[in-house]
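A short worksheet on the structure shown next.
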Amino acid sequence: MQPPPLPANIQALQTNARSLVGRSVGELARELNQQPPDQPTRAKGWTGRLIEIALGAPADAAAGPDLAHLGIELKSLPLDRSGKPKESTWVCMAPMDGRLPPLWRDSPPWHKLCHVLWIPIQAEPSIPFLDRRIGVPFLWRPDTEEEAELAADYAAILELIAHGELAHLDARVGKALQVRPKAADGSQTTLSWDGDGCLTTTRPRGFYLRRGFTTRLLDRQFAR
DNA sequence: GATTGATCATAC
DNA sequence: GTATGATCAATC
């Protein structure tokens with residue numbers, strides 16, 4: 001199997017994604033000539049990138065959906081032994097300097113989350129890394145209720161950032177969408193504003209979907 | 001066991 | 001340095 005080209009449309013993408021069901025990480029790596037990491041624990045995003053390669057997504061560092069021409073974001077969804085998401089889901093960076101648009105529908109997380117192709121994958125520690133298998137993919141658009149929840153969380157987060165109340169912006173804010181540190185280490189900084197309107201610095205952070213939220217997506221999709 | 005804050009690898 | 005892909009590991 002060669003790395004497929006950029007899928008021309010959603011149908012092609014879905015066909016490709018369905019062809020991965022039941023394949024193992026090791027098989028996929030071999031077929032795509034990707035060298036598996038020696039220490040999987042030190043290659044956190046490797047499987048996600050492997051799936052992107054398998055689906056023809058370009059590996060660029062630009063912000064925005066993976067498949068910009070289709071408006072679709074690819075997300076691997078690692079599952080634990082009970083079939084629930086193992087972790088929260090990375091969404092995108094959260095600018096701390098006031099560049100976040102006031103309207104949810106203009107926001108970076110909305111543009112990432114408005115149309116997602118989820119690729120479930122086994123991730124329980126008891127399964128050797130290369131033996132983990134890919135599950136049934138599903139396209140998702142937030143329904144009214146889900147979007148309202150995300151938008152409300154976004155508004156709360158935005159307000160804290162806009163008012164320079166970063167001390168109160170921790171991972172406990174937000175029912176579905178939360179903000180957590182996102183950096184190579186604790187020394188990283190980015191620009192922000194304090195409560196008096198003075199420029200300062202803070203730790204870089206990003207938006208994440210809580211585990212409970214993605215659990216509900218799975219439940220809805222597979223009606224379990 | 002779930003959550004929060006910290007961190008790892010890679011591309012550009 | 002900033003973005004992407006996330007999971008690790010300490011703590012609650």
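The values are calculated or read from the model by the stated rules, or taken from the named source; none is laboratory data. Computed from a prediction, not measured in an experiment: that's the story for all the values here. Using ideal geometry, Cβ is built from the backbone for each residue, glycine included, and neighbour counts are taken over all protein chains shown.
A few points about this structure:
- Unique match (being in contact with a helix residue (DSSP H, G or I) (Cβ under 9 Å, 6 or more places away or on another chain), assigned to a helix (DSSP H, G or I) and either farther than 15 Å from residue A:209 by Cα or at pLDDT below 95 (or both)) among A:100, A:160: A:160
Each row is one residue, and each column tells you yes or no for (1) touching a residue at least 40 places away in the same chain (Cβ under 8 Å); (2) surrounded by 15 or more Cβ atoms within 10 Å (Cβ to Cβ); (3) β-branched (Val, Ile, Thr); (4) farther than 25 Å from residue A:195 by Cα.
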{"position": "A:109", "(1), (2), (3), (4)": "yes, yes, no, no"}
{"position": "A:118", "(1), (2), (3), (4)": "yes, yes, no, yes"}
{"position": "A:123", "(1), (2), (3), (4)": "yes, yes, no, yes"}
{"position": "A:129", "(1), (2), (3), (4)": "yes, yes, no, yes"}
{"position": "A:133", "(1), (2), (3), (4)": "yes, yes, no, yes"}
{"position": "A:141", "(1), (2), (3), (4)": "no, no, no, yes"}
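- Exactly one residue among A:223, A:148 is out of contact with any helix residue (DSSP H, G or I) (no Cβ under 7 Å at 6 or more places or on another chain), more than 10 Å from DNA strand B (Cβ to nearest atom), at pLDDT below 95 and small (Gly, Ala, Ser), and that residue is A:223.
- Every condition in (1) closer than 26 Å to residue A:15 by Cα; (2) not charged (D, E, K, R); (3) not in a loop (DSSP other than H, G, I, E, B) is met by residue A:70 except one, and the failing one is (3).
- Residue count for the stretch A:43-78, restricted to those that are within 12 Å of DNA strand B (Cβ to nearest atom), surrounded by 13 or more Cβ atoms within 10 Å (Cβ to Cβ) and farther than 20 Å from residue A:4 by Cα: 1
- Some residue of the stretch A:167-175 being exposed (fewer than 13 other Cβ atoms within 10 Å of the Cβ) and in a loop (DSSP other than H, G, I, E, B): yes
- Residue A:71 vs. criteria in contact with a Phe, Trp or Tyr (Cβ under 9 Å, 6 or more places away or on another chain) and either of a type in the set (Gly, Ala, Ser) or without any contact (Cβ under 8 Å) to a residue 12 or more places away in the chain (or both): no
- Those residues of the stretch A:187-197 which are closer than 26 Å to residue A:112 by Cα and within 16 Å of DNA strand B (Cβ to nearest atom), in sequence order: A:188, A:189, A:190, A:192
- Flag if residue A:177 is in contact with a helix residue (DSSP H, G or I) (Cβ under 9 Å, 6 or more places away or on another chain), among the aliphatic types (A, V, I, L, M), under 12 Å from residue A:94 (Cβ atoms) and without any contact (Cβ under 8 Å) to a residue 40 or more places away in the chain: no
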